[in-house]
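A short write-up of the structure that comes next.
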Amino acid sequence: MANQYKRILLKLSGEALLGEQGHGIDADILTQYADEVKAVQEEGVEVSVVIGGGNIFRGVKGATEGMDRVQGDYMGMLATMINSMAFQDALERKGVHTRLMSAIRMEEIAEPYIRRRAIRHLEKGRVVIFGAGTGNPYFTTDTAASLRAIEIEADVILKGTRVNGIYDSDPEKNSNAVKFDTITGDEILKRRLNVMDLTAFTLCRDNETPIIVFNMNEKGNLKKVVCSEESVGTTVV
Ligand code: UDP
């Protein structure tokens, strides 16, 4: 199987880690995602990962309840570290070498994010997890994913979701929703489709980094997206 992509950035939402649970991290989901990543890493693909924190805390939500927004956002960034550490553990238990790099210094548990070091780790075949988002409040982990992908010159951002790609309306609410195989950035903006927040999206667009939205919960799908010729999910061109 010919690898389509040499270096990828996989974005997983924090909410996906909930699985069937109301809160926290579902161990089965974590294991399943670790298997997916291991399968592509074994094909020689350089894998980096950004995980959200929405299953634990979101700054915006805190602000609606009266909390200081910046304080809440830092809590959200710490939430991404909890998820990232859990995923690092799941990967290491499967024998995958990893490095966790944090945008906020916490040296006892993660390396500080240094671009050149991240690239070196990837070249050595380690899965690199970028934690703590961008390190700045008022941003999202989608933006962190776009930023890191551009910095490390990833070939593609793979946004793992629980649906099969981008649809003309929410497929979880509308059974007649139609999926796009490919879609342009202009079309996404025109139709106001909720793919990524605008900051994240604009970064990708300006730097010509392709995005593929695909179903991360279907077994073997990540490898299909990365290593096969098969069209999986929706590619933003
Ligand atoms: N966050 C932030 N700056 C960043 C990335 C994240 O302030 O660069 C905070 C923000 O409060 C956000 C929370 O961390 O709501 C969790 O991230 P996100 O909502 O992107 O997680 P996801 O929706 O992917 O689970």
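The values are calculated or read from the model by the stated rules, or taken from the named source; none is laboratory data. Note that the structure is predicted; figures quoted are calculated from it, not measured. When we count neighbours, we look across all protein chains shown, and the Cβ atoms used for this are built from the backbone with ideal geometry, even at glycine.
Numbers below:
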quantity: Residue, farthest from THR31 (Cα to Cα), within region 59-103, restricted to residues that are modelled with pLDDT of 95 or more and basic (Lys, Arg); calculated: ARG69
quantity: ALA154 at negative phi, assigned to a loop (DSSP other than H, G, I, E, B) and in contact with a Ser or Thr (Cβ under 8 Å, 6 or more places away or on another chain); calculated: yes
quantity: Matching residues in region 28-59 - criterion: being farther than 18 Å from LYS224 by Cβ and aromatic (Phe, Trp, Tyr); calculated: PHE57
quantity: Residues located in region 36-49, provided they are without any contact (Cβ under 8 Å) to a residue 60 or more places away in the chain and surrounded by 17 or more Cβ atoms within 10 Å (Cβ to Cβ); calculated: LYS38
quantity: GLY62 being free of Cβ contacts under 8 Å to residues at least 60 places away in the same chain, in a loop (DSSP other than H, G, I, E, B) and not β-branched (Val, Ile, Thr); calculated: no
quantity: Output for region 2-22, where each listed residue is within 13 Å of the ligand (Cβ to nearest atom) and outside any helix (DSSP H, G or I); calculated: LEU10, LYS11, LEU12, SER13, GLY14
quantity: Region 50-71, subset within 6 Å of the ligand (Cβ to nearest atom) and within 14 Å of ALA16 (Cα to Cα), residue surrounded by the fewest Cβ atoms within 10 Å (Cβ to Cβ); calculated: GLY54
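Residue by residue, here is whether (1) under 23 Å from ALA149 (Cβ atoms); (2) among the charged types (D, E, K, R) holds:
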position: GLU36; (1), (2): yes, yes
position: GLY52; (1), (2): yes, no
position: GLY72; (1), (2): no, no
position: ALA118; (1), (2): yes, no
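Each row is one residue, and each column tells you yes or no for (1) within 14 Å of MET216 (Cα to Cα); (2) at pLDDT 95 or above.
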| position | (1), (2) |
| --- | --- |
| ASN3 | no, no |
| ARG7 | no, yes |
| LEU10 | yes, yes |
| ALA16 | yes, no |
| GLY24 | no, no |
| VAL40 | yes, yes |
| GLU46 | no, yes |
| VAL49 | yes, yes |
| GLY53 | no, yes |
